[in-house]
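Worksheet: the structure to be examined is printed underneath.
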């Protein structure tokens, strides 16, 4: 066989042998065998010296082509081996993904504050600030300034907790509205959330301490239509876009006209269920136009300015929203309860 | 306020309006309801039966066997009722009838005798016992008059009615009567109310021969009127009236009393009849009670009075508590012949206080204390006379006594369109508004395009100012027709800086696994004592409630620690293996004791926990993280002055400069014992106001070095008494500018270490801002640190 045939034979051998190369190590061996310093190609090419001057460039070219061919075989095989090795690794590393995940612990806000945060967010988005005031306040701020009759039963020792004759635990967050109006000129736009206290024995639906959120807007040209629009928007944001509101006339000493607001039941959509006593409506808010006596008492010109106020029970809303059937759960602080929110 | 619909229909035609529409319409115009009670109950299986025969049951002493004609058949019925006689007309539930309480009547045998139906009592017809006439209390209802046997019972008597129960708001005492609700119905549905008939031929002055009235305390009794009935026959009132009273929730008693109650329900003015023969000299004096004067009221209770109580008296004795309850000594009995019927008006505030101090609240006092106009006294008298005349109760003496020195003045109020638009956002025309107000019986005095003036009906004591008329317009116009708009303006919403810090702290603590709790602002003094801080005036001086619900809620909290401990212990007892909790809330510090001014309310933050991996250093780490997050740097944890709340060896004061931010530590074993805790608990109390004052949320970028750091460790043998802080101080002082971090990473005590010593290891990181450090470059500070540690603390390198 001449050199040319031998070269061809080597390439053919390589083309056959490569098929049985299975690993990177075998591939290295393959390379050494064919292309190594003492590999068969080099050994063959050492015989170049014996060739004629005419043959040399031809055989040299053929030798280079053989080398390139074998290198390309190696490179293709390397890619193949890598692919297979990666596949092997991946399949050998497969996890039982049904095993449990690591347990990360997070804390929990109290459910009352979760709902409160949601409500605050809605009103901040509507341009309200959050006003705060003391839990112990004056009889004047809690009752007198709010147009409450001097002999009203809600002022009695069996309805309100007193510290002295003039100081009490606020029964509503309205004294914060009084403080806000006394300290600021209109325009005013605030909500005042907070703890309130009434002389109620603790049972599943009553607590001597509970939470209210009240709102107050005072400006020129504030109308009952604004009150309706505001609370309707609020109800839709809190309970869902489909929520309807119904304003029923009512009486509060500090607003006139006054209303109670029902929202269409957000549990059943108004069809009637146990949460709405099968009426389709849930009473959720009290509201009205701030009584001119209250504005005047707080130093605001009631002929120039008008305003609306509203109030709702945070505990009740939270209970309805989360289907909590006992108000005591809020104050027992059982971790198994709080963790659910 | 229970309103039988047929009664209402006598005053304003509504029988063409479906009951639900009626209810909904009245709710939307301001008379909320508590529901509809239906006594008509489409039940033809209860019929009028006539008792034909009555025999004793052969085998049972207490039972009777009756033959009853029920129209289409004659049936045998076994009954235990003793009040039934042959000839009586009685309600019979036929076989198959369903009674108010769900009982279904079946044919049965009672001790061998067949019973084909049942005689029913008022109780079984759905009335509460408190309204059933005493004579029928334990027995069968016996009808007055005669009926065709077999007539459906609810048709035969006026019981077949629906009753709407209204929830009347306290400002609307005028609605506490049928007439008032008829007025509301008229305005709501645009109907015309029927006027009360005025009886004829009653004027005269003969009444003066029998009765003389003097009112001594006119401020408490603006009007006192009445008339006299002579030779009265006291008997049951007619059946229709009894039924009406029962439907409205009042028990029938006798003809005289029932009419007074009937007119009270219809017109709204309470009325009281006296046995005139028991009123000595026929003289009535309205006066304040004398101190300790005694009266026995109709409920047979002997009551001792004060000068704040108003009495109706005869010259020698009190005969009634004005507007509250009559005296037993002048009660109408079956023997009564001559009667004085009182129709009066009393001061609402005085009456409320009197009723409250006596602990006696009646249907009459409940009405008077809400405020009743004296004008309606005359109307009530007319109605009484009409009914007494119709029922022929006795001889009605001509004439009326009426002490009414200052007649009520009818108020006038002006309303402008501008104000309606300004407050309600609607713009009805003046004629439209006049129509709405006239429906409510306001009388137009004058009006033009822009405003109107009306005379207020005397019963509307709540309408005084323009805003009151605006409200009337709003509710008759219909709240649901007022449009919905959103107020404009330039105000923007945001949290205050304080609120932002509160939110930030809460979010951080929740992210780190703490649970937020909420506990009462009032606490028990004995629970506060359990944390052993009596000597700290900030804790032990507390604001007390005058009227707490009990000891456990009797003082305002000065610390949140006791509540936190209670919550943690409770959860531990429930089986929680581990818990970390926090509360942020007000504490109440009196400015002086006894309390005169508003207390200082300061926000406090407490955190605490128990369980595996929750100890002093957990909480210390948490506090450190929290303070760093608030930009409060350089805080030191210093051995606490002796506070008995905490373990003396495991507690610290948290100092920022010279300012104390709070305390922390493992709770003292005795404190834990006081709370019956079976686990170690660690807690932190922080003065949130101090935290806010110290906080700095401004962040300025500090360039990050791009050069690599060199780390060196150092292991030392030091005496047990040497603290981590001492070592770190020395390392930091001697480490030069490039030392950026020092950290304790190991402590070892054990066999290889001699007693009284510990092995500690620190990791130090050196990094230059402008250069790559070499191992050799940090050797110098390293040696200096070691030397200083050896010299100052006697530390040995290991």
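Computed from the coordinates by the stated procedures, all read-outs in this text should not be read as laboratory data. These numbers come from a predicted model, not from an experiment. Every residue, glycine among them, receives a Cβ derived from its backbone with ideal geometry; neighbour counts consider all protein chains shown.
Can you tell me the orientation of helix B:561-574 relative to chain B, as the angle in degrees between its alpha-carbon axis and the longest Cα principal axis, to the nearest 10?
It is inclined by approximately 80 degrees.
Share of antiparallel DSSP beta bridges in chain A, in percent to the nearest 5?
Around 95 percent antiparallel, to the nearest 5.
Taking the Cα atoms only, what angle lies between the long axis of helix B:430-439 and the longest principal axis of chain B, rounded to 10 degrees?
Once rounded, one gets 60 degrees.
Given the protein assembly as shown, what percent of its DSSP beta bridges are antiparallel, to the nearest 5?
Restricted to the protein assembly as shown, the bridges split so that about 95 percent are antiparallel.
What Kirkwood hydrodynamic radius, in Å, does region B:662-706 give when the mean of 1/r is taken over all pairs of distinct Cα atoms and then inverted?
Over region B:662-706, the inverse of the mean reciprocal pair distance is 14.1 Å.
Nearest 10 degrees is fine. How inclined is helix B:616-629 to the longest principal axis of chain B, computing both from alpha carbons?
Its long axis makes an angle of about 90 degrees.
Percent relative contact order of chain B, based on C-alpha pairs within less than 8 angstrom and at least six residues apart?
In percent, rounded to a whole number, it is 8.
Only residues of region A:1-17 count here: report those whose backbone N is under 15 Å from the spot 7 Å along Cα→Cβ of residue A:52, or say none.
From region A:1-17, the list is A:2-4.
Could you estimate the translational diffusion coefficient of region B:402-533 from the Stokes-Einstein equation, with Rh from the Kirkwood formula over C-alpha pairs, at 20 °C and 1.002 mPa s, in whole µm²/s?
Result for D is 105 µm²/s.
Once you have a ≥ b ≥ c as the square roots of the Cα gyration tensor eigenvalues for region B:284-385, tell me rounded if a/c is under 1.5, and otherwise prolate or oblate according to whether a/b is larger than b/c.
The shape class here is oblate.
Relative contact order for chain A: what is it in percent, counting Cα pairs under 8 Å that are at least 6 residues apart?
Answer for chain A is 14 percent.
Cα centroids of region B:453-531 and region B:245-317: how far apart, whole angstrom?
45
Using only Cα atoms, figure out Rg for region B:429-468 and give it as a multiple of 2.2 N^0.38 Å.
Normalised by 2.2 N^0.38 Å, the Cα Rg of region B:429-468 equals 1.10.
So what's the gap between the Cα centers of region A:225-276 and region B:717-796, to the nearest angstrom?
Taking the Cα centre of region B:717-796 as reference, the centre of region A:225-276 is 68 Å away.
Give the distance, in whole Å, between the Cα centre of region B:645-686 and the Cα centre of region B:597-618.
Here the answer is 9 Å between Cα centres.
Treating region A:223-341 as a set of equal point scatterers at the Cα positions, no solvent, please give the Debye-formula log₁₀ I(q)/I(0) at q = 0.14, 0.15 Å⁻¹.
After summing over all Cα pairs, the log10 values are -0.70, -0.77.
What's the long-distance tail for region A:3-93, i.e. % of Cα pairs beyond 17 Å?
52
Where does region A:101-338 land on Rg/Rh, using Cα atoms and the Kirkwood Rh?
Across region A:101-338, the Cα-based Rg/Rh ratio is 0.98.
In units of 2.2 N^0.38 Å, what is the alpha-carbon radius of gyration of the protein assembly as shown?
Ratio of Rg to 2.2 N^0.38 Å for the protein assembly as shown: 1.41.
State the Kirkwood hydrodynamic radius of chain B in Å, one decimal place, computed from all pairs of distinct Cα atoms.
The answer is 35.2 Å.
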